[in-house]
1. Check residue 54 against each of (1) over 16 Å from the mean Cα position of the chain (by Cα); (2) within 25 Å of residue 154 (Cα to Cα) and name the one condition it does not meet.
2. Show the residue pairs meeting these rules: Cβ distance below 6 Å; 6+ apart or different chains; first residue within the stretch 42-53 and under 11 Å from residue 78 (Cα atoms) and in contact (Cβ under 8 Å) with a residue 60 or more places away in the chain; second residue among the hydrophobic types (A, V, I, L, M, F, W, C) and surrounded by 13 or more Cβ atoms within 10 Å (Cβ to Cβ).
3. Report whether or not residue 69 is at pLDDT 90 or above, of a type in the set (Phe, Trp, Tyr) and crowded, with 16+ Cβ neighbours inside 10 Å.
4. Only residues that are touching a Leu at 6+ places or on another chain (Cβ under 9 Å) and either under 21 Å from residue 88 (Cα atoms) or not in a helix (DSSP H, G or I) (or both): list them for the stretch 47-70, please.
5. Identify, by number, the condition in (1) crowded, with 19+ Cβ neighbours inside 10 Å; (2) of a type outside the set (Asp, Glu); (3) modelled with pLDDT of 95 or more; (4) over 13 Å from the mean Cα position of the chain (by Cα) that residue 92 doesn't meet.
6. Go over the candidates 102, 97, 71 one by one and state the one that is out of contact with any Ser or Thr (no Cβ under 6 Å at 6 or more places or on another chain), farther than 29 Å from residue 155 by Cβ and touching a residue at least 12 places away in the same chain (Cβ under 8 Å).
Amino acid sequence: MADQDAFTFETDFWKDESIRKAWDDIIPGEPRKTIPYVLTKEAIQKFARAVGETNPLYFDEEYAKTTIYGGLIAPPSIHILLMFACTPIDDWMRSPGTINAGQQWYYHTPARPGDTIRLVARALDKFIKKDRLFVVHDNVFFNQKDEVICTGRGWTIRPR
């Protein structure tokens with residue numbers, strides 16, 4: 001079994017395209033398949049570096065212990081990494097050609113190293129506008145204590 005600290009993302013999004021749901025197959029209200037993910041300090045720090053975050057709350061354990069958080073936390077934008085880490089390769093949100101048409105995120109409890117993250121996600125609606133295929137979807141990330149880390153709603157334009 002692969003070590004999750006060495007978790008790497010597939011970069012060839014076309015590789016599994018044929019096993020993902022097309023727009024016609026997406027059913028509003030139907031939960032998406034998700035998988036739990038153990039968030040590591042290494043993943044948090046690698047993500048923070050990749051997006052240019054330098055806040056010591058993400059890197060300096062001694063400093064983080066002196067703050068209201070009492071220890072290391074992840075940047076709020078960690079949901080970007082979690083969206084892929086918590087979904088299998090056949091998830092329709094991974095389809096090549098998907099365009100982010102807007103999103104709103106709300107942050108609640110910080111994610112921390114060692115948290116087991118669970119995603120509850122579904123399509124809420126789908127519609128056609130100006131010959132484009134839209135899906136409205138929501139996402140809620142929880143930790144192992146069932147505390148909400150963040151919630152989001154987004155709109156994507158789907159490939160044909």
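1. Evaluating residue 54 over (1) over 16 Å from the mean Cα position of the chain (by Cα); (2) within 25 Å of residue 154 (Cα to Cα) leaves (2) as the failure.
2. 44/74
3. Numbers: at pLDDT 90 or above: yes; of a type in the set (Phe, Trp, Tyr): yes; crowded, with 16+ Cβ neighbours inside 10 Å: no.
When the stated conditions are applied, residue 69 does not pass them.
4. Across the stretch 47-70, the qualifying residues are 47, 59, 60, 67, 69.
5. (3)
6. 71
Conditions tested, residue by residue: (1) closer than 24 Å to residue 28 by Cβ; (2) aliphatic (A, V, I, L, M); (3) touching a Pro at 6+ places or on another chain (Cβ under 7 Å).
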site: 75; (1), (2), (3): no, no, no
site: 79; (1), (2), (3): yes, no, no
site: 89; (1), (2), (3): yes, yes, no
site: 117; (1), (2), (3): no, yes, yes
site: 123; (1), (2), (3): yes, yes, yes
site: 136; (1), (2), (3): yes, yes, no
site: 145; (1), (2), (3): no, no, no
site: 151; (1), (2), (3): yes, no, no
site: 156; (1), (2), (3): yes, no, no
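The values are calculated or read from the model by the stated rules, or taken from the named source; none is laboratory data. If you're wondering where the values come from, they're calculated on a predicted model, not measured in any experiment. Don't worry about glycine lacking a Cβ; one is built from the backbone with ideal geometry, like all the others, and counts go over all protein chains shown.
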